[in-house]
1. Quick check: is even one residue across region B:265-278 hydroxyl-bearing (S, T, Y) and either free of Cβ contacts under 8 Å to residues at least 60 places away in the same chain or assigned to a helix (DSSP H, G or I) (or both)?
2. For region B:98-106, does any single residue satisfy the condition of being assigned to a loop (DSSP other than H, G, I, E, B) and either within 14 Å of chain A (Cβ to nearest Cβ) or open to solvent by less than 10 Å² (accessible area, probe 1.4 Å) (or both)?
3. Residue by residue through region A:358-394, note down the ones that are closer than 18 Å to A:A102 by Cβ, in contact (Cβ under 8 Å) with a residue 60 or more places away in the chain and part of a helix (DSSP H, G or I).
4. Among the residues of region B:142-150, are any in contact with a strand residue (DSSP E or B) (Cβ under 8 Å, 6 or more places away or on another chain), in a helix (DSSP H, G or I), small (G, A, S) and under 23 Å from A:K433 (Cβ atoms)?
5. Could you grab me the full set of residues in region B:114-136 that are among the aliphatic types (A, V, I, L, M), part of a helix (DSSP H, G or I) and in contact with a helix residue (DSSP H, G or I) (Cβ under 8 Å, 6 or more places away or on another chain)?
6. Here is a check on your reading of the model: is B:R154 in contact (Cβ under 8 Å) with a residue 12 or more places away in the chain, among the basic types (K, R) and not in a loop (DSSP other than H, G, I, E, B)?
7. Do any residues in region B:37-62 that are among the β-branched types (V, I, T) have Cβ atoms under 9 Å from those of residues that are open to solvent by 50 Å² or more (accessible area, probe 1.4 Å), where the two are at least six apart or on different chains, and which pairs are they?
Amino acid sequence: MDEVKEKKPAAKTDYSRILSIIIMAVMFLTGFGFGGEKWFFLIQIVGIMATLGCFILVDHLKFSKDEKMTWFINSIPLIVFAIFSSFSRFHLSSGFAGVIMAFVNALGIIGFYLLGILFSKIKPFSQKSVLAALAAGIALLVLISMIASLANYGPFYLVRYSGKAYYFDGISFPITEEYTGLYGFSIIALTTRYGLSFAVILASILGFAFYLKPVREMGKEERITNGVFLCSGLIGLLALVFAMYTTGLIIAGAIILFSLLIKFIKAPKEAPKWEKIVLLVFGALVIIYFLVLTVLGIKGYTSSADFSNVFLRKVFANPISAKYLAIVNAVATKTVTSGVVTRATLDFGGLFGFGGTTVGTWATSNKVFEFSVVYEGGLIAFFALIVMFLFVIAFIRNYFHKYEKIEPHQIVAVSLILGFVLYNSFYGDVVQKTIRDYIHSQIQSAMFMVFIFLVGTIYGPIFKKKEKKPMEAQVEGGNI
Amino acid sequence: MKKNKLFIGAILSLTMLASCKTSNTYANNAYNTPLFETNYFLDCHDFAKEAGIAKENITLSPDDYFGQDEYQNEHTSGEGFSIVKERYPEMFQYYDKSSKKTVTLDTRNDWTNANEGTEVGIGEYFGRTKCLGTADSSFKSDGVLSKLYNGQLRCWGFYAQARVQIDENGFETKMPKTMQSGKYFLACIRGGSNATKIIDGREVSDGRFCTVDLIVTLYKQNAVYEVTMPSVSFFTDNHGFNVSAVGFAFDKIPSLDPKGITGYGVKFANLIDPSNPTIETDATKKSDKYFGLMLYEVMFPDATWGD
């Protein structure tokens, strides 16, 4: 009897340790893009089970009703996004398999978000460790792709072979439009934008080095995790330099510079009123802008030539808006014929994504990740994503005030988020391979799960049901 | 110091890695510009001269080679394979190992660029089933000439991406593999030019039949054969679908054992263009009207290949 009593606490600790290791492995494999588009759902399922495991098996993870409500309120945009982007016409069009995948993806988004929040609470490892595992996963992917590309094109190929093409099987392939990389379980020719996106995101973390303290003052875990961050960031940077991908270097450089700048910004822990107002006004303007643009898209405006009104032309006639208009026009309108008159009218199904069978160049040429959500998830998912981004801005602010000083791993987490959003907002590629490719889901992807996990990692509530100071002090990274 | 050397060594070895995809590069728009005269493939090796050996000239009689005359072309909707199918029906047979059945291959439909990365056409279309790229994958990586080895026998809307345009000097090239055994030579050709005609005040393509003596050079390590097929007729400037299958069986040339062939060339002479008797066939000479032979495919059906 005594023996049983003694064993029980040990078993609880083991669950925490086992779960932590599983989560680190899941994030390593997610960063690595294990299985590619076809098999990644297996990792998603393991992630979902790990989340459930945290709630069921870890005894000290108990939350009050108020804490749960705070979590729920602050996560509403993400939950709405998860549901609408997964159960959309676009994803459900593949029948039963589509329903299963939508279910896995919706749970995956919420599950990875919760994993980000919960990891540091379940102990024994801190947030640094899981971020290091994630960075190492991306680094391994980037390293393999870099070696394969060097073997195929040699160093600095984007500059050396500018304007050049090679032939294979009678087809001309412009060299600067491809990058050889690991995709699932095979090494294939990817588009440059997609293939190098991981290197850009990885190189962005190098700004963490500005926050390092002397090695002798670091603990063992810190030394290991910082070493992993440094090696990973350098691998990302090397991949960009070897390819001579200037766009990627500029984006990574801008994020590294941002990391340096915030070191010198002194902001109060509690956001002053003016800051909140600025964010609110900015958010409202962005939402109104896209709402008006949506109405214009439904009304049939697709290019600057359609804007006869000077005000409309000045505000809405730009290349980014033109992309959005074309997508809204294709997703949320249908042609109605009455008699001899044919006109475009609102298709309510557009709220739930693109329902047609074949996509046009409005989708294949789209490089804005957020706009791909319009046809993949629908207008509701798109606006939920915008609100989620506004929440993320506030989360980042709160996250940087979590400790006395900004820690290196915090820079890593935020840089990965910024790298993902910034790069994919301008250079996201829905067509990923150079040969016989089709539209790939930007949402049902490993990198998007990394982004969602990181949003959970930096989670710091904006709307609080009730202050729970004792709980916050009790657990590291605790904001619930 | 030792670590530094290792690091530098590692970097150097990375930078010196063989760049397999970039060993044979071209300008992005090579052979694919709006100017007809800039699209000629001019790679004029002369194997006989380079090897210092005399050519053996062989002129085939009309019964020894196959092509399409005007009548055949007009009455087969431009399919271009009627004579070769009549003479060598076995060339169009394919034994499907999976179904253990012999099937007759389709010569009207083709594999195209859009099917890259798939098995489309193998065991179904003549071109993709018996093309050099399918026979040995090393032909797929043979630069711009891989357009001639992929089994796309016609234009199918791919225009200059589907063909190689040659002048009277043509080209000679070494192949990535050596022929171990061979039965036939076959090329899919048509004529092309920048000559037009005026109808109702509008400048339009001048669809017509032209004739050339088609010369195929076959290169072996110690011998060069120049096989001439006189008066080969084909459509010119009349849609990229209308190709003619032209070639011969090796058994018609007793002096030529195909084993050991490592290179070939195609050129032409004695153009007869009824609409443009003075049209220029040499791309290096200045003119306002040029003629080019459009090669869509070069095949050695049922040949085997080795190193």
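1. yes
2. yes
3. Within region A:358-394, A:S372, A:V373, A:Y375, A:E376, A:L379, A:I380, A:A381, A:F382, A:A384, A:L385 qualify.
4. Yes: region B:142-150 contains one or more residues that are in contact with a strand residue (DSSP E or B) (Cβ under 8 Å, 6 or more places away or on another chain), in a helix (DSSP H, G or I), small (G, A, S) and under 23 Å from A:K433 (Cβ atoms).
5. The answer is B:L132, and nothing else.
6. no
7. Close Cβ pairs satisfying both conditions: B:T38/B:Y31; B:I53/B:N222; B:I58/B:S255.
One line per residue, one yes/no per condition, for (1) over 20 Å from A:Y423 (Cα atoms); (2) within 21 Å of the chain's Cα centre (by Cα); (3) among the acidic types (D, E):
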position	(1), (2), (3)
A:L230	yes, no, no
A:A243	no, no, no
A:L249	no, yes, no
A:G253	no, yes, no
A:K266	yes, no, no
A:E270	yes, no, yes
A:K273	yes, no, no
A:K276	yes, no, no
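The values are calculated or read from the model by the stated rules, or taken from the named source; none is laboratory data. Bear in mind that the values here come from a model prediction, so they are computed numbers and not experimental data. So basically every Cβ, Gly included, is an ideal-geometry build from the backbone, and we count neighbours across all protein chains shown. Keep in mind that these areas ignore ligands, DNA and RNA; they rest on the heavy atoms of the full protein, side chains included. Shrake-Rupley method; radii C 1.70, N 1.55, O 1.52, S 1.80 Å.
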